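Colleague: Structure incoming, see below.
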Amino acid sequence: MVRALASHARGQWFKSTTAHHRSRLSSFKKFTKELLEKFIASRPDGCSESTFDFYRYSLTRFVGYPLTVEGVRSYLKSLTCGNGKARYYQALKTLLLWSYRSSYTQEKIIDRVPTPKVTRKILPAISREQLETLLDYCHCDRDKALISFLWYSGTRLSEAANVKAQDFNWREGTVIVLGKGKKYRKALAGNGLVRAWFQNHHSFEISRAGIATMLKRLSRETGMKCNAHSFRRGFAVHNLKSGLSTRIVQALGGWESIIMVERYSRSLCFEDALQVYQSVNNSGRVSVIAAEP
């Protein structure tokens, strides 16, 4: 009798739980703004504001689509941003894995959606010669110091916008910046133009949006593709061509993964490698050791 009652109770509990689960799923059959906000609220504390902005921007357009394989494929197919689809896919992947772990979906939907194909492009990287040209087109000392800092330090836009005079250690040639994930890290301090600016100023006295606008103007006036990340790529490529290893460049630039630095290293050709080899060996020619007779 006791066993029968216990079995009946378990059966009732299972039916109740299943009905609640199905009800919960049916209420989120389509992706909604409510579910988007739940997802945003679930993100770790270390996420930056730009990360939250990225999720909101890329997932808001997904609102109204079914939380199914067909729904995700239809959404990705509707996008016309070329290689940008990969970024949307990454946001969807994070969302759908969270929805599965949170029981909003019954399967890992993203596992059945192929990753969008990406056409590999050679992204702009500012060279030292191009930096000199850009300096000539700057309208003020602040802009000259700022683009010099971006190129010589390899910092991100947000890191450069928030740097303060007290963050620099000129004896060591470093600066403390607030990087990705709200983590502080050391970076290279930059050149004499940067030091001269911060001797009389507390910061660059410009917002992230202001920096982006200034770089767009420089791009328009010089004809060069010029944004904050092109300076960061230029930092990586220049130092790789100068002979630094990918691991060292990764550490100096604060890349979490070496993958991006390895990608930048593909721009090196035989002549670049030969120049590094010759500088390391202090010789302009390769020594040939004759074989013994």
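Colleague: What residue, of S48, S42, S58, S78, is closer than 30 Å to A209 by Cα, free of Cβ contacts under 8 Å to residues at least 24 places away in the same chain and not assigned by TED's automatic domain parsing to the domain that holds K182? Step through it out loud before you land on a result.
Modeller: Values: S48 fails: free of Cβ contacts under 8 Å to residues at least 24 places away in the same chain; S42 fails: free of Cβ contacts under 8 Å to residues at least 24 places away in the same chain; S58 fails: free of Cβ contacts under 8 Å to residues at least 24 places away in the same chain.
Going through S48, S42, S58, S78 in turn, the sole match is S78.
Colleague: Can you find, within region 155-198, the residue that is nearest to the chain's Cα centre (by Cα) among those that are assigned to a helix (DSSP H, G or I), under 20 Å from F52 (Cβ atoms) and charged (D, E, K, R)?
Modeller: For region 155-198, the residue satisfying everything is K180.
Colleague: Next question, about the same structure. Could you please give the count of residues in region 242-267 that are within 17 Å of L178 (Cα to Cα), free of Cβ contacts under 8 Å to residues at least 24 places away in the same chain and among the hydrophobic types (A, V, I, L, M, F, W, C)? Walk me through it before giving the result.
Modeller: Going residue by residue through region 242-267, those that are within 17 Å of L178 (Cα to Cα) are 250-256.
Adding the requirement that they be free of Cβ contacts under 8 Å to residues at least 24 places away in the same chain leaves 250-251, 255.
Okay, now just the ones that are also among the hydrophobic types (A, V, I, L, M, F, W, C), so 251, 255.
Counting residues in region 242-267 that are within 17 Å of L178 (Cα to Cα), free of Cβ contacts under 8 Å to residues at least 24 places away in the same chain and among the hydrophobic types (A, V, I, L, M, F, W, C) gives 2.
Colleague: Please find, within region 17-37, the residue that is nearest to the chain's Cα centre (by Cα) out of those that are farther than 17 Å from I109 by Cβ and modelled with pLDDT of 50 or more.
Modeller: Of everything passing the filter in region 17-37, E37 is nearest to the chain's Cα centre (by Cα).
Colleague: While we're looking at this one, here's another question. Hey, among the residues in region 124-141 that are of a type outside the set (G, A, S) and in a loop (DSSP other than H, G, I, E, B), which one's modelled with the lowest pLDDT?
Modeller: Checking each candidate, the answer is P124.
Colleague: Give S203, S102 a once-over and let me know the one that is closer than 30 Å to L36 by Cα, surrounded by 12 or more Cβ atoms within 10 Å (Cβ to Cβ) and touching a residue at least 24 places away in the same chain (Cβ under 8 Å). Break it down into steps so the answer makes sense when it comes.
Modeller: Values: S203 fails: closer than 30 Å to L36 by Cα.
Within the list S203, S102, the selection yields S102.
Colleague: While we're on this one: Take the residues in region 86-121 that are small (G, A, S) and assigned to a loop (DSSP other than H, G, I, E, B); name whichever of them is farthest from T68 (Cα to Cα).
Modeller: Filtering region 86-121 for residues that are small (G, A, S) and assigned to a loop (DSSP other than H, G, I, E, B), the one farthest from T68 (Cα to Cα) comes out as S102.
Colleague: Given the criteria among the aromatic types (F, W, Y), over 27 Å from C47 (Cα atoms) and not assigned by TED's automatic domain parsing to the domain that holds D45, does Y137 qualify?
Modeller: yes
Colleague: Right, something else. Anything in region 43-82 that is part of a helix (DSSP H, G or I) and basic (K, R)? List them, or say none.
Modeller: R56, R73, K77
Colleague: Right, another one. Only one of A161, A145, A189 is closer than 23 Å to S230 by Cβ, in contact (Cβ under 8 Å) with a residue 24 or more places away in the chain, touching a Leu at 6+ places or on another chain (Cβ under 6 Å) and not polar (S, T, N, Q). Can you tell me which?
Modeller: Exactly one residue qualifies, and that residue is A145.
Colleague: For region 153-173, which residues satisfy the criterion of being among the polar types (S, T, N, Q) and under 12 Å from G254 (Cβ atoms)?
Modeller: S153, T155, S158
Colleague: For region 222-231, state whether one or more residues are on the phi > 0 side of the Ramachandran plot, in the same structural domain as T133 (by TED's automatic domain parsing), touching a helix residue (DSSP H, G or I) at 6+ places or on another chain (Cβ under 9 Å) and at pLDDT below 90.
Modeller: No, the conditions are met nowhere in region 222-231.
The values are calculated or read from the model by the stated rules, or taken from the named source; none is laboratory data. A quick note: this is a predicted structure, and the numbers were derived from the prediction, not measured. Neighbour counts are summed over all protein chains in view; Cβ atoms, including those assigned to glycine, are modelled from backbone coordinates with ideal geometry.
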